[in-house]
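For reference, the structure is listed below as structure tokens.
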Amino acid sequence: MAIAKTLSREADLRPPEMRFRIGRPWPALLLVPALAAIAAVSVYPVILGLWLSLRDTTLASRTDAFVGLENYQQLCSDSQFWNAWIHTMEFTSASTVLETLIGLVIALILAQRFLGRGLVRAAMLVPWAIPTVVTSKMFGWLFDGQNGVVNYLLRSVGLLHGNVNWYGSPDLALWTIVIADVWKTTPFMALLLLAGLQTIPYSLSEAALIDGASSWQRFWCVKLPLLAPTLLIAAMFRALDAFRIFDLVYVITGGGPADSTEVLSTLTYKILFSALLFGYGSALSTAMFITEIFIALGFGIFILRKFKEAAQ
């Protein structure tokens, strides 16, 4: 009560012009430029894409007509779309799982105290900092079917008796791209999980150690349950980012061989900017957007469950 009276007394001592301005919509008006920028950059393109997906807009033949859901009906029966969708889901699942597991191992190692830990933490971010195009060319040389370093090393240790055409094989091309993405993005996952590990009180591990728990038991029963929300959030971010993979696939294989590495982003790019089918290409991008919404909702359900368990 004393604080409220003091604030009221100070408000009465303000100049009349200052008291006049209180209650005016100035804060909301100051937000208008930022909201307008967000609407122009984010909201308007989404609405325009949805509108174009309902039209037969083709720059090559200069046609533009409202067709309703015909583009989506064509999408459901398009084998190229489903081939790219399956490849995208395979890539997303494999890269997210591998990067989360490897990143967790790296985070657990970097959470320990050892000589040169700061240097190792800084060096860990080098692959993530390298531009994706550079990574793509580098792995293109490493996995080259004729003179690649990978073939040379595997032949040297006797695991291969001849060269393997990694990017020329429909069975191996997508997995070599997964390896390249895992190498580049695992440091990002390790950094997020390391931040989560550092929020766990060390006293909990000490108490478990005093009770006779082994290293595995301390990890499984103490650290992992507390790290689960951070783990799921990091995996969600990575899955959403991996689902829209474009540059790595486009530079290394361009979607080949025989569409074995075609993903939704590269297929949409070809239809939009090569075939100039803006209506059908917008329907493809909308299908990507809807799939990412379901991925985010799936992760969101598990994340909320973990937060509720932690709060109980």
Checklist entry - Got at least one residue in the stretch 147-160 being surrounded by fewer than 19 Cβ atoms within 10 Å (Cβ to Cβ) and either in contact with a His (Cβ under 8 Å, 6 or more places away or on another chain) or under 19 Å from Gly256 (Cα atoms) (or both)? => result yes
Item to check | Some residue of the stretch 63-85 being within 16 Å of the chain's Cα centre (by Cα), surrounded by 12 or more Cβ atoms within 10 Å (Cβ to Cβ) and in the same structural domain as Ala287 (by TED's automatic domain parsing) | outcome: no
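Closer than 16 Å to Ala239 by Cα and out of contact with any His (no Cβ under 8 Å at 6 or more places or on another chain), is that true of Ile106? It would help to see each step written out before you state the result.
Details: closer than 16 Å to Ala239 by Cα: no; out of contact with any His (no Cβ under 8 Å at 6 or more places or on another chain): yes.
Answer is no for this residue.
Does at least one position in the stretch 11-23 carry a residue that is at pLDDT below 80, aliphatic (A, V, I, L, M) and touching a Leu at 6+ places or on another chain (Cβ under 9 Å)?
Filtering the stretch 11-23 for residues at pLDDT below 80 gives 11-23.
From the residues that got through so far, the ones that are aliphatic (A, V, I, L, M) too are 11, 13, 18, 22.
Subsequent filtering for residues that are touching a Leu at 6+ places or on another chain (Cβ under 9 Å) retains none.
The answer is no, given that none of the residues of the stretch 11-23 is at pLDDT below 80, aliphatic (A, V, I, L, M) and touching a Leu at 6+ places or on another chain (Cβ under 9 Å).
Collect the residues in the stretch 49-84 that are of a type in the set (Asp, Glu) and under 26 Å from Asp259 (Cα atoms), keeping them in residue-number order. Please lay out each step first, then the result.
So the first thing to find is which residues in the stretch 49-84 are of a type in the set (Asp, Glu), and the list is 56, 64, 70, 78.
Across the stretch 49-84, the qualifying residues are Asp56, Glu70, Asp78.
Any idea which of Ile245, Ile303 is in a loop (DSSP other than H, G, I, E, B) and either assigned by TED's automatic domain parsing to the domain that holds Ala207 or surrounded by fewer than 21 Cβ atoms within 10 Å (Cβ to Cβ) (or both)? Write out each step before concluding.
Details: Ile303 fails: in a loop (DSSP other than H, G, I, E, B).
Of Ile245, Ile303, the one residue that is in a loop (DSSP other than H, G, I, E, B) and either assigned by TED's automatic domain parsing to the domain that holds Ala207 or surrounded by fewer than 21 Cβ atoms within 10 Å (Cβ to Cβ) (or both) is Ile245.
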Next on the checklist: Among the residues of the stretch 200-213, are any touching a Leu at 6+ places or on another chain (Cβ under 8 Å), outside any helix (DSSP H, G or I) and assigned by TED's automatic domain parsing to the domain that holds Thr96?
Outcome noted: yes
Checklist entry - Going through the stretch 232-248 one residue at a time, which ones are touching a residue at least 60 places away in the same chain (Cβ under 8 Å) and within 17 Å of Val182 (Cβ to Cβ)? => result Ala234, Ala235, Arg238, Ala239, Ala242, Phe243, Ile245, Asp247, Leu248
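In contact (Cβ under 8 Å) with a residue 40 or more places away in the chain, of a type in the set (A, V, I, L, M, F, W, C) and in the same structural domain as Met89 (by TED's automatic domain parsing), is that true of Ile179? Spell out the reasoning first.
Values: in contact (Cβ under 8 Å) with a residue 40 or more places away in the chain: yes; of a type in the set (A, V, I, L, M, F, W, C): yes; in the same structural domain as Met89 (by TED's automatic domain parsing): yes.
Here the answer is yes, as Ile179 does meet what is asked.
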Item to check | Residue that is assigned by TED's automatic domain parsing to the domain that holds Ala287, over 30 Å from Leu267 (Cα atoms), modelled with pLDDT of 90 or more and not small (Gly, Ala, Ser), where the choices are Leu98, Leu125, Leu104 | outcome: Leu104
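The values are calculated or read from the model by the stated rules, or taken from the named source; none is laboratory data. Keep in mind that this is a model prediction, so the values were computed, not measured. Note that each Cβ is placed from the backbone with ideal geometry, even for glycine, and that neighbours are counted across all protein chains shown.
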